[in-house]
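Remarks on the structure that follows.
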Amino acid sequence: MIDEKAHTTTADRPMLFARHARAALEMHIPEARTSEAYWILGTNVAWVRFRREDGLYGYFALRRHLDWVSGEAGLSREPLQLGELLLTPAPVQAAGHRIRLGELLHGRDRWWPAGRNGSQLEERLRYLALQLAVRGGAHFRRWPGGER
């Protein structure tokens, strides 16, 4: 268990969000559980970068803003910081790309309610992490545009 008080809100302890988000990402993304995974845990954000079998780098992130949560998936040729990846739903020439989960699911609605307590937040983060693993993994199956 991450939090001894699982049914309390995390707003008063922002780093707790990152710990919950990491646990959710590790649950659904096997590469995030390896010792080679590179993690950043910050206030209201948790993201992981790992080297894929094809030599590219995969990224998954969960973010919180006020009482809303969202996720992102990304891909790069070199190990970069998440913020260095171009945020775009369409392939363009760049060192790396990322896309918001809302774009992958609906083309809109990039943020979801975080819930009123810790257990609702954990449930929401597990749902978003699963969607990132499935939709983000499929979207970045290979380098956008087909070239490597």
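Points to keep in mind about this one:
- The value obtained for the stretch 16-58, namely the Cα convex hull volume divided by the number of residues, is 61 Å³ per residue.
- Listed residues Leu41, Leu66, Leu104 arranged by accessible area, highest first, probe 1.4 Å: Leu66, Leu41, Leu104
- The share of accessible area on the stretch 46-148 that comes from carbon and sulfur is 48 percent, using a 1.4 angstrom probe.
- In the complete set of protein chains, residue-level accessible area for Tyr127 is approximately 90 Å², probe 1.4 angstrom.
- Rule-of-thumb Rg ratio for the stretch 31-148 [Cα; 2.2 N^0.38 Å; N residues]: 1.03
The values are calculated or read from the model by the stated rules, or taken from the named source; none is laboratory data. All values reported here derive from a predicted model rather than from experimental measurement. Protein only, heavy atoms only, side chains kept; ligands, DNA and RNA dropped before computing areas. Shrake-Rupley method; radii C 1.70, N 1.55, O 1.52, S 1.80 Å.
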